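The values are calculated or read from the model by the stated rules, or taken from the named source; none is laboratory data. No experiment lies behind these values; they were computed from the predicted model shown. Here the Cβ positions follow ideal geometry from the backbone for every residue, glycine too, while neighbour counts run over all protein chains shown.
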Amino acid sequence: MEMNKAAILKTPRALLEIEQIETWLPGVGEVVVRNEAIAFNPIEAKIQRLEMFDIEYPAVLGYTFGGTIESVGPGVDSFKSGDRVAVARWGRAASDIRFGAFQKYPLALEENLVKLDAQTSLHEGCGVMANLATVVAALSICMNLGYPPINARANRNGKKILIYGGSSSVGGLAVQYAVDAGYEVVTTSSLANWSLVQRRDASCIIEHTKPKEELLESIKMHGPYDGIFDAIGSPEVTSLLGELLAGNGGTFWSTSPTPVDKDLPKNVKKEWASYSDVLVGQEANQEAKMWYLHEYLPESLSSGRIFSNPSDIVPGGLGSVQNVLDTFMDGKISGKKVFVNPQEH
Ligand SMILES: NC(=O)c1ccc[n+]([C@@H]2O[C@H](COP(=O)([O-])OP(=O)(O)OC[C@H]3O[C@@H](n4cnc5c(N)ncnc54)[C@H](OP(=O)(O)O)[C@@H]3O)[C@@H](O)[C@H]2O)c1
């Protein structure tokens, strides 16, 4: 194996620096992955630029990636060298520099791997894995909506939900998941991503770029809703949903806390969670975790029924990771999932 290299965040809010880093040896239950696809998430930019979470420095960020297993540690029995896998950096891996996606040869925990079959691209696998876990936890565990059948659609259950932001990566998967679980789904998108969101089968799409009063009116007109999920997590969306619910009061679930949460009307409750942790980290949800990782995710990926937003593969290897994070901070990612191959120079 050639030398390992990483894009390292040495101090809070610094720019990433590309340097040689140790070549890790896999311990018990660990594997080394030849990382061929970093799948980016907005949280990585928010950690770098806004210190959204308390982390230790130096850090190697990056929560999802895909590649080929290079070597396996003691006790790993369900994976072998040469397997193509998608990886989410959950549990104890989340805060350990050795497991960060922004490096060529990260470690991964066996329990955080999904084996990809020949039909499934690395990008589709690691682009969906953590975002869909977020959706399962948010919708089925936190909001108590039903689970969908695998590779099929449940009969309509007569309930309607609003998924605000169907063009985001999480939002698009949430629409598909809820529709398959039998819900009528109303969602939103910009015109630029209309055809992408149409493929998710919502019963109604509302243009979220129209003036606020008009947008609010349209959302109200298509209600009432049995549940509301905000897949954007911005201050604007929090305020909008606060206004939507202010009349009769109510609760919505969101992807992110914002500075305006404290200004919500007293009768409106906003809930949010680190959803992947809810699914994979809580003892009470072990059955849901097993269903997700061993049945629903691999089978939905293999059939192509569940798909991520289109891939944007940015050239330039680790050298382009900082640019991608900057693009996220500038709010310029629209209707796509962004990847970098750290093996490139
Ligand atoms: N809590 C958790 O466990 C968890 C897990 C995963 C993600 N998240 C959070 O969930 C959010 C979405 O993540 P993601 O990866 O899905 O993001 P993403 O794919 O990068 O989202 C980009 C999309 O957001 C839409 N958008 C941006 N601002 C908007 C606004 N004001 N109104 C409506 N749409 C807007 C844009 O749609 P148009 O271009 O069509 O306008 C764009 O396509 C982020 O805040 C992320 O940090 C939280």
Query raised in the report: Taking only pairs six or more apart or across chains, which ones have beta-carbon atoms under 7 Å, a first residue in segment 223-248 that is under 15 Å from Met143 (Cβ atoms), and a second residue that is more than 14 Å from the ligand (Cβ to nearest atom) and not aliphatic (A, V, I, L, M)?
Result: Tyr225/Lys160; Asp226/Lys159; Asp226/Lys160
Query raised in the report: When Leu173 is evaluated against the numbered criteria (1) assigned to a helix (DSSP H, G or I); (2) over 17 Å from the mean Cα position of the chain (by Cα); (3) within 13 Å of the ligand (Cβ to nearest atom); (4) more than 21 Å from Leu50 (Cβ to Cβ), which criterion, by number, is the only one it fails?
Result: (2)
Report task. Residue by residue through segment 271-290, note down the ones that are away from the ligand (no atom under 12 Å from the Cβ) and either in contact (Cβ under 8 Å) with a residue 12 or more places away in the chain or part of a helix (DSSP H, G or I) (or both). Result -> Glu283, Ala284, Asn285, Gln286, Glu287, Ala288, Lys289, Met290
Requested in this report: Answer with yes or no whether Phe79 is in contact with a Pro (Cβ under 6 Å, 6 or more places away or on another chain) and modelled with pLDDT of 95 or more.
Outcome: no
Report task. Filter segment 135-152 for residues that are within 16 Å of the ligand (Cβ to nearest atom) and either at pLDDT below 95 or more than 14 Å from Ile306 (Cα to Cα) (or both) and give the result. Result -> Ala137, Ala138, Leu139, Ser140, Ile141, Cys142, Met143
Query raised in the report: Would you call Val32 surrounded by 15 or more Cβ atoms within 10 Å (Cβ to Cβ), over 17 Å from the mean Cα position of the chain (by Cα) and modelled with pLDDT of 95 or more?
Result: yes
Requested in this report: Return the pairs, sorted by first residue and then second, in which the second residue is part of a loop (DSSP other than H, G, I, E, B) and more than 16 Å from the ligand (Cβ to nearest atom), the first residue lies in segment 316-345 and is on the phi > 0 side of the Ramachandran plot, the beta carbons are less than 8 Å apart, and the residues are 6+ apart or on different chains.
Outcome: Gly316/Glu344; Gly317/Asn341; Gly317/Pro342; Gly317/Gln343; Gly317/Glu344; Gly317/His345
